[in-house]
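The values are calculated or read from the model by the stated rules, or taken from the named source; none is laboratory data. Quick caveat, the model's predicted, so the values are computed rather than measured. No Cβ is skipped: glycine too gets one built from the backbone with ideal geometry, and neighbour counts run over all protein chains shown. These accessible areas exclude ligands, DNA and RNA; they are computed on the full protein's heavy atoms, side chains included. Shrake-Rupley method; radii C 1.70, N 1.55, O 1.52, S 1.80 Å.
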Amino acid sequence: GWQASMKSGSLSYILPCSRLPVQLMSQVRVYTSNGQKKDLGSEDTNRSAPEETLQKIGTGRQDTTNAGQKQSFLKEPIQVKVKAVLKKREYGPKYTKNNFITGVRAINEFCLKSSDLDQLRKIKRRSPHDDTETFTVYLRSDVEAKSLEVWGSPEALARERKRRKEAEIKYRENLFRNQRLLREYKEFFGNTKPRSSAAAMFFKGPGKVVMVAICINGLNFFFKLLAWVYTGSASMFSEAIHSLADTCNQALLALGISQSARTPDPSHPYGFTNMRYIASLISGVGIFMMGAGLSWYHGIIGLLHPHPIESLLWAYCILAGSLVSEGATLLVAINEIRRSARAKGLSFYQYVVQSRDPSTNVVLLEDAAAVLSVAVAATCMGLTSLTGNPYYDSVGSLGVGTLLGTVSAFLIYTNTEALLGRSIQPEQLQRLTELLESDPVVRAIHDVKATDMGMSKVRFKAEVDFDGRVVTRSYLEKQDIEQLLQEIQQVKTPEELEAFMLKHGENIIDTLGAEVDRLEKDLKQRNPDVRHVDLEIL
């Protein structure tokens with residue numbers, strides 16, 4: 001059987017043996033996490049009686065050799081240190097009562113008024129927003145107690161929540177009939193950027209380019225339509241359809257520009273900037289269907305059923321005027337793209353291919369196609385007038401349709417890539433990575449992603465392995481070391497140790513949060529295109 005030999009103040013264990021006697025430990029002290037001391041020297045009678053009997057039997061049977069072994073063994077007992085370990089806690093209301101809640105959540109979730117929060121304790125915490133350093137929060141326990149005081153019982157609070165939820169559902173269903181209430185709702189929450197004036201957007205930048213193109217293409221469509229009615233030329237019909245498609249598409253671009261300036265809301269927290277890409281994508285599809293499709297159709301009909309063309313003098317005059325007007329719009333678009341590309345440090349070609357400004361790109365490509373199509377239409381009409389063969393005019397219509405199809409395919413591809421969320425350029429991503437890795441508080445970064453959200457807005461995400469030693473040193477530099485040493489010397493019990501660690505542990509976590517905010521601010525300041533930064537702590 002197993003037999004143990006124990007002495008006061010020490011604990012010894014012996015391998016299984018049937019000969020050695022048992023000596024009971026006279027006193028064992030056990031310390032628990034609450035600092036209480038238990039004396040196990042006096043065991044219960046049911047346990048001590050059999051052990052005494054076992055001791056007598058063992059003593060009677062042992063011989064001289066066994067006695068010598070016992071004495072030699074007891075002279076060199078094995079020493080084992082017993083460590084005091086805190087018990088695993090069940091985190092109940094004692095800890096959850098320390099949770100914080102913002103004023104907006106307190107009003108919405110507990111059906112309170114702003115005046116109800118004035119009497120509660122206010123706590124200043126580090127703000128997650130860029131425009132403020134600190135913001136006010138409340139203890140959740142205080143808010144819960146205040147809600148019970150206001151509503152009387154949890155049942156009454158639950159009924160009010162249900163009533164407000166039903167009212168919110170009804171409000172959403174009738175959203176378009178309650179625009180006035182929606183404006184009041186936005187004014188109540190406030191603290192949002194004012195929406196840009198829709199009229200002011202169309203007097204500069206891409207808005208100005210689009211409005212000029214709408215006016216010129218609208219006039220071109222009207223005069224080309226008159227020329228087609230007068231001459232019956234297939235090429236002139238294609239030109240009229242082309243100008244109509246350009247006018248409609250640019251009106252769609254103007255709508256996209258207006259919608260992209262809308263203020264972000266809870267349903268669209270990153271805003272509506274992608275509306276420009278959506279409008280450009282639809283514009284590309286419209287060019288393909290209306291411009292290219294109808295031009296091909298009319299050209300094929302002209303080849304199958306040719307008919308003589310009337311005097312082309314007026315058609316030439318209108319084409320010449322269209323060439324001048326389309327060329328003027330093209331120059332406006334080129335100058336705008338050059339200015340924007342220079343501001344971004346990109347070449348003209350890179351700016352167009354990357355679709356940095358989809359609205360201006362559409363105007364540029366449409367007007368470039370318009371100038372080329374005017375040249376194609378004029379050439380084919382001239383060949384028809386010289387040879388009298390109407391097939392040249394139909395071939396010109398097919399050429400204009402092919403040109404429009406190429407432009408539409410390019411617009412569809414570039415805008416689709418932008419909407420899918422492509423990565424930024426490797427050089428720019430490398431600069432962001434080096435900025436993080438050069439910071440002393442960062443040990444390593446993993447899973448780096450930088451997505452171009454469109455309109456020169458980048459979302460950066462990375463998993464960061466922070467150096468805990470640097471974070472702790474940063475916290476200690478702000479502390480009074482003498483006072484901290486005094487607190488350490490006063491720690492005598494496990495409870496005092498726990499209180500000390502909880503206090504400074506929470507402060508170190510706040511320091512880590514401040515370091516994350518600092519890194520995010522540095523990334524945005526040194527790279528203005530980075531608008532949203534998500535740093536995950538490993």
**Request:** Could you compute the FRET efficiency for Ile301 and Gln350, with r as their C-beta to C-beta distance and R0 at 45 Å, rounded to 0.05?
**Result:** 0.60
**Request:** Would you kindly work out the equivalent ellipsoid of the stretch 426-537 from its C-alpha gyration tensor and give its semi-axes, the square roots of five times the eigenvalues, largest first in whole Å?
**Result:** 37, 12, 11
**Among beta bridges that DSSP assigns inside the stretch 426-537, antiparallel share in %, nearest 5** = 55
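Just reorder Thr493, Thr379 by solvent-accessible area, largest first, 1.4 Å probe, all chains present. Could you put the intermediate results ahead of the total?
Values: Thr493 55, Thr379 85 Å².
Sorted by accessible area, descending: Thr379, Thr493.
At a Förster radius of 60 Å, what calculated FRET efficiency corresponds to the Cβ-Cβ distance of Ala328 and Ile123, to the nearest 0.05? Mind dumping the intermediate values first?
Details: r = 62 Å, r/R0 = 1.04.
Efficiency for this residue pair is about 0.45.
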**Request:** Subtract the Cα-Cα distance of Phe100 and Lys165 from 0.36 nm times their separation in residues, and report this length gain in nm to one decimal.
**Result:** 21.0 nm
**Message:** Skipping prolines and chain starts, which residues have an amide H placed within reach, meaning under 5 Å, of the one on Phe466, given they are 5 or more residues away or on another chain?
**Reply:** Arg443, Leu538
**Asked** When the accessible area of the stretch 205-420 is split by element with a 1.4 Å probe, what percent falls to carbon and sulfur?
**Response** 73
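Based on the alpha-carbon gyration tensor of the stretch 205-420 and its eigenvalue square roots a ≥ b ≥ c, which shape applies: rounded if a/c is under 1.5, prolate if not and a/b is larger than b/c, or oblate?
Details: a/c = 2.38, a/b = 2.11, b/c = 1.13.
Since a/c reaches 1.5 and a/b is larger than b/c, the shape of the stretch 205-420 is classed as prolate.
Which of Lys204/Lys524; Lys124/Lys165; Lys165/Lys521; Lys113/Lys162; Lys122/Lys524 have a Cα-Cα distance over 28 Å?
On the way: Lys204/Lys524 26 Å; Lys124/Lys165 31 Å; Lys165/Lys521 38 Å; Lys113/Lys162 17 Å; Lys122/Lys524 31 Å.
Pairs exceeding 28 Å: Lys124/Lys165; Lys165/Lys521; Lys122/Lys524.
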**Item:** Given charges at beta-carbon only (K, R positive; D, E negative), |dipole| of the stretch 205-420 in Debye
**Value:** 580
**Asked** So how exposed is Val441, as accessible area in Å² (1.4 Å probe, rounded to 10)?
**Response** 0
**Item:** Cα gyration tensor shape for the stretch 203-319, rounded if a/c is under 1.5, else prolate or oblate
**Value:** oblate
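How charged is the neighbourhood of Phe500? Take every other residue with its Cβ under 13 Å from the Cβ of Phe500, and add Lys/Arg as +1 and Asp/Glu as -1. Kindly include the intermediate steps, with their values, before the conclusion.
Working: positive: Lys492, Lys503; negative: Glu487, Glu495, Glu496, Glu498, Glu506.
Here the charged neighbours net out to -3.
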**Request:** Return the whole-Å distance between the Cα centroid of the stretch 414-429 and the Cα centroid of the stretch 227-263.
**Result:** 29
**Message:** Through the Karplus equation 6.51 cos²θ - 1.76 cosθ + 1.60, θ set to phi - 60°, convert the phi angles of the stretch 213-226 into ³J(HN,Hα) values in whole Hz; use x for Gly and Pro.
**Reply:** 5, 4, 5, 5, 5, x, 5, 4, 4, 4, 6, 5, 5, 5
